[in-house]
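Participant: Sharing a structure, written as structure tokens. Questions coming.
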Amino acid sequence: MHDPLLALFPSPHDADRPWLNCYGADERVELTGHVLSMWLAKIAGLITAESTRGDGVHVGLPPHWRTVAWACGAWSAGRTVLLGSTEEIDNAGLSPELSVAFTPENLCDTAEVQVLIPAASLALRWPGALPALVLDGAADLMSYPDRFTPVSAPADLPCLTDLGTDLTTSGTRGGVLNGAEPTTLTRCELAARVEAAATATEGQAGSRAALVRCTRTTQALQKVLSAWSAGRTAVVLTPEAGDDVAAAAIRQEGITDSTAEARTD
């Protein structure tokens, strides 16, 4: 069974170039396809071992390299990714099998498994004492294998549900808390969106990397996948990264003006 989403992910053999670079306010991390594939394997292994399939894996994280890794790890495990606040998840009546966040208050109380990960890009464990029964999304991953056989899920399986609050065209707040319908994409629909976005950039001047500077996680994930589909390195800026960091990233990564993007709200 062909899974169009899995075809976008790096493999253990993709060691020749960086696939994902991440810039924060004062740090930069670079992951080759080989290294990123190991993170995806470990995350998929943890999700599979620790949780049973529910309504999805809640990724309560802003744009960050760890966010990309956890979303892709969930997809590798054949799971649905849920985006939104804990309140939005609860109001939608969803029961995630796993919830991952940088802070305890952003974890879903109803999730079967809760995971905290450090926001620092190079940290190897959660800073401080973990709450009871909460897993360390960095240190606890180390016990899982570097290889995972991805679950080839049906193309019509929902893979991304975005419940997040968003500004509408009228300037008012949307999102499920204000009566809006959540956005749900199947694996095939997400892959099609990504391929269309990648195709749209084919005529632009060649650049080895694409800047991903978004405030919303769902947009960041799609832009990362589009960069990969086009054979480019995805350069993610965290919300804390200012214009000076963005300028440095554009210069250092060799991003041309045609592929550099302004912040997307």
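Taken together, the values in this text are just the output of simple stated rules run on the coordinates, not laboratory data. The structure displayed is predicted, hence computed values, not measured ones. Don't worry about glycine lacking a Cβ; one is built from the backbone with ideal geometry, like all the others, and counts go over all protein chains shown.
Participant: What distance in nm separates the simple spin-label points at VAL151 and ALA123, each placed 7 Å from Cα in the Cβ direction?
Facilitator: Distance between the two pseudo-spin positions: 2.9 nm.
Participant: Work out how much length ASP26 to ALA132 would gain on full extension: take 0.36 nm times their residue separation and subtract the Cα-Cα distance, in nm to one decimal.
Facilitator: 35.0 nm
Participant: With n ≥ 4 as the cut-off for DSSP H runs, can you work out [θ] at 222 nm for the chain, using -39500 (n - 2.57) per run divided by the number of residues, rounded to the nearest 500?
Facilitator: Rounded to the nearest 500, it is -8500 deg cm²/dmol.
Participant: Here's something else I'd like to know. With charges only on Cβ, +1 for K and R and -1 for D and E, what is the dipole size of the stretch 187-242 about its Cα centre, in debye, rounded to 20?
Facilitator: I would put it at about 60 debye.
Participant: Please list, in order along the stretch 194-199, the HN-Hα scalar couplings obtained from phi with the Karplus expression 6.51 cos²θ - 1.76 cosθ + 1.60 (θ = phi - 60°), rounded to whole Hz, x for Gly and Pro.
Facilitator: Here the 3J(HN,Hα) series is 5, 5, 5, 5, 5, 5 Hz.
Participant: Right, here's the next one. For the stretch 213-226, in order, what is each residue's ³J(HN,Hα) by Karplus, 6.51 cos²θ - 1.76 cosθ + 1.60 with θ = phi - 60°, in whole Hz (x at glycine and Pro)?
Facilitator: Going residue by residue, I get 10, 10, 8, 9, 5, 4, 5, 4, 4, 5, 5, 4, 5, 5 Hz, with x marking Gly and Pro.
Participant: While we're here: Is the stretch 6-253 rounded, prolate or oblate when judged by the Cα gyration tensor, a ≥ b ≥ c being the square roots of its eigenvalues, rounded requiring a/c under 1.5 and prolate requiring a/b larger than b/c?
Facilitator: Note, shape of the stretch 6-253 comes out rounded.
Participant: Place the peptides 227-237, 123-133 in order of packing, highest mean first, counting for every residue the other Cβ atoms within 10 Å and averaging per peptide.
Facilitator: For the peptides 227-237, 123-133, the packing ranking is 227-237, 123-133.
Participant: A further question follows. How much of the DSSP bridge set in the chain is antiparallel, in percent, rounded to the nearest 5?
Facilitator: Here the antiparallel bridges make up roughly 30 percent for the chain.
Participant: Between ASN21, ASN106, ASN91, where does the largest GNM mean-square fluctuation fall for the chain, given springs only between Cα atoms within less than 10 Å?
Facilitator: Looking only at ASN21, ASN106, ASN91, the largest GNM fluctuation is found for ASN91.
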